[in-house]
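Before any comments, here is the structure.
Please treat every number below as a calculation from the coordinates, not as lab data. What you see is a predicted model, and the numbers here were worked out from it, not measured in a lab. No Cβ is skipped: glycine too gets one built from the backbone with ideal geometry, and neighbour counts run over all protein chains shown.
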Amino acid sequence: MNNLVAIILAAGKGTRMRSKYPKVLHKVGGKPMLQHVIDAATVAGADKKVIIVGHEAEMVEAMVGEQGTIALQAEQLGTGHAVMQTAEALKGFTGTALILCGDTPLLDGEELKKFCEAHQASGAAATVLTAIMDDPFGYGRIIRDANGNVQGIVEQKDATEEQKAIKEINTGIYCMECPQMFDVLATLTNDNAQGEYYLTDVLQKLNEAGAKVGGISTDDSDMVMGINSRKQLSVAEGVMRQRILDKLMDAGVTIMDPASTFIEASVKIGRDTVIYPYTWLEGTTEIGEDCEIGPNARFTNVKIGDDNHLQFIYGHDCEVKNHVTAGPYVHLRPDTVISDHVKIGNYVEVKNSNVGEGTKLPHLTYIGDSDIGSGVNMGCGCITVNYDGKKKHRTIIGDNAFVGCNTNLVAPVTVQANTYIGAGSTITKEVPENALGIARARQKNIEGWAEKYRNEGK
């Protein structure tokens, strides 16, 4: 969109959140509220963003990074005062300022785009986005004249009883033309119940000057929900979660129980994949087609291919390729790559390892800092002993090796291809190809010992 800049108010403390963190950094759908607003502004067509910071400014600025220009509101004296702080950053700017609140994570970028386009087409000096609410308590009320034109906005604490009965509310979202907006801001006073400079007073002053002020109503009251408490945060999380699940289901993903499924907006899932209850999918996780995920699965930043069956499993910062069966009670740790057709049974942990195609890790096994070839069978209770107390060391197992139950592989160690390891062995040296490696004490039987022991002291 031509000549559009977003001004995002993110200076507030958020006292009711009872938090040491700025309100706008609390997450909804896996992302800080402010990030949702920045993303929506981008979709709306605002290439430039000016973010107004105040409380814990450094934390907010760190989150914004290179996404926008920072303007500091050192003292919080109201929304009008906040926008005044952007004057230097927008010096010489001629065009539309889209003003947003940093605590509205449910904003829809496409709806904002329509709002901005309608404002610009109307020729208004300012336009406010409004909504109809059954319970408008706490919101500023929209005051219209007999022709439906917006005359102004009155805040809850300043409203008369008659004005409090109005159900059309101010969402806190505006389009205002610059530099006229800054000219009017310079004339504001703080003669009100809060002792603050209200951005809403700009509309009244524009009306008094004969400028056109519009009001466009949205049907999506959820979109403009502002977050001021933990309870409201949970409500927003619920709305966001349902939006994400609806989008996935519309794209061909089966969600067995939406009420017990939690998927962040950044997650991608292919069609015909089934998500079972009590599944959490977070971060940059990508899941291919025809998978069965869960029940009781959690994946964070995991790349998962096609036709995988993963239940009762936690994976993070790793990769699972195709046709893999894993679970229950599996932990896939960072820098692990599970190749095609691998089978992982119960109580298995894999960390910083490459597991080759068709390999089996049946149960009760720890694989750490290892490179395992294809077609390997790891018996029950096998451990790669990777830590010597100071450093981690790697274990290398060649293709088609068979490692017997209860084997300890003391790294650094190599087991070549096509080998066998006798059950109960502790392997400390290389096992050459096609060899049998056995490292255990020779069994000794003492005849009659048990009977003698039982009868001692009688």
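Among (i) -0.57, -0.70; (ii) -0.72, -0.81; (iii) -0.98, -1.06, which one is log10 I(q)/I(0) by the Debye sum over Cα atoms at q = 0.09, 0.10 Å⁻¹ computed from these coordinates? Matching the structure shown: (ii).
In this Cβ point-charge picture (+1 for Lys and Arg, -1 for Asp and Glu), the chain has a dipole of about 1980 debye about its Cα centre.
Of the residues Gly30, Leu77, Ile153, the one whose Cα sits farthest towards the positive end of the charge dipole of region 4-218 is Gly30 (charges of +1 on Lys and Arg Cβ, -1 on Asp and Glu Cβ, taken about the Cα centre). Taking amide hydrogens as placed 1.01 Å from N in the peptide plane, the amide H of His309 sits under 5 Å from those of Glu292, Val324, Thr325, Ala326, each at least 5 positions away in sequence or on another chain. Packing order of peptides 448-455, 5-12, 40-47, 163-170, highest average first: 5-12, 40-47, 163-170, 448-455 (average count of other Cβ atoms within 10 Å over each peptide's residues).
At what distance in angstrom do the alpha carbon centres of region 268-318 and region 372-445 lie from each other? Cα centres, region 268-318 to region 372-445: 31 Å.
Report, for the chain, the % of DSSP beta bridges that are antiparallel, rounded to 5.
Values: 20 of 107 bridges.
Within the chain, antiparallel bridges account for around 20 percent of the total.
If each residue's Cβ is checked for other Cβ atoms within 10 Å, how do His393, His119 rank with the fewest at the top?
On the way: His393 16, His119 24.
Fewest-to-most ranking of His393, His119: His393, His119.
Using the rule -39500 (n - 2.57) for each DSSP H run of four or more residues, divided by the residues of the chain, the 222 nm mean residue ellipticity is -5500 deg cm²/dmol.
Checking every one of the trypsin sites (Lys or Arg not before Pro) in region 269-363 against DSSP loop status and a limit of 13 other Cβ atoms within 10 Å picks out Arg271. Backbone amide hydrogens, once placed in the peptide plane, bring Gly368 within less than 5 Å of Lys351, Thr384, excluding anything fewer than 5 places away on its chain. Charge dipole (Cα centre; +1 on Lys/Arg Cβ, -1 on Asp/Glu Cβ; no other charges) of region 154-306 amounts to roughly 280 debye.
Looking at region 83-114, the trypsin sites (Lys or Arg not before Pro) that sit in a DSSP loop and have at most 10 other Cβ atoms within 10 Å of their own Cβ are Lys91.
When a footprinting reagent is the concern and you count Cβ atoms within 10 Å, what order do Val24, Val224, Val53, Val253 take, fewest first?
Working: Val24 31, Val224 24, Val53 28, Val253 21.
Least to most surrounded, the residues fall as Val253, Val224, Val53, Val24.
Out of all DSSP beta bridges in region 128-225, what portion is antiparallel? Express it as a percent rounded to 5. Around 70 percent antiparallel, to the nearest 5. In order along region 371-377, phi translates into HN-Hα couplings of 10, 10, x, 8, x, 7, 10 Hz, rounded to whole numbers, per the Karplus curve 6.51 cos²θ - 1.76 cosθ + 1.60 with θ = phi - 60° and x for Gly and Pro. Placing +1 on the Cβ of every Lys and Arg and -1 on the Cβ of every Asp and Glu, with nothing else charged, gives region 4-218 a dipole about its Cα centre of roughly 380 debye. With contacts taken as Cα pairs under 8 Å at a separation of at least 6 residues, region 267-312 carries a relative contact order of 37 percent.
Couplings for region 345-360, taken from phi via the Karplus curve 6.51 cos²θ - 1.76 cosθ + 1.60 with θ = phi - 60°, read x, 6, 6, 10, 10, 10, 9, 6, 9, 10, 10, x, 4, x, 6, 10 Hz in order; Gly and Pro are left as x. Extending 7 Å from the Cα toward the beta-carbon at both Ala417 and Lys231 defines two label points whose distance is 6.7 nm. Ordering Gly140, Gln194, Ala62 by the projection of their Cα atoms onto the charge dipole of region 4-218, which places +1 on the Cβ of Lys and Arg and -1 on the Cβ of Asp and Glu, puts Ala62 at the extreme positive end. Backbone geometry of region 134-149 corresponds, through the Karplus equation with coefficients 6.51, -1.76 and 1.60 at θ = phi - 60°, to 3J(HN,Hα) couplings of 5, 10, x, 4, x, 9, x, 9, 7, 9, 10, 8, 4, 8, x, 6 Hz, x marking Gly and Pro. Less than 5 angstrom separates the built amide H of Lys48 from those of Ala6, all sequence-distant by 5 or more or on a different chain.
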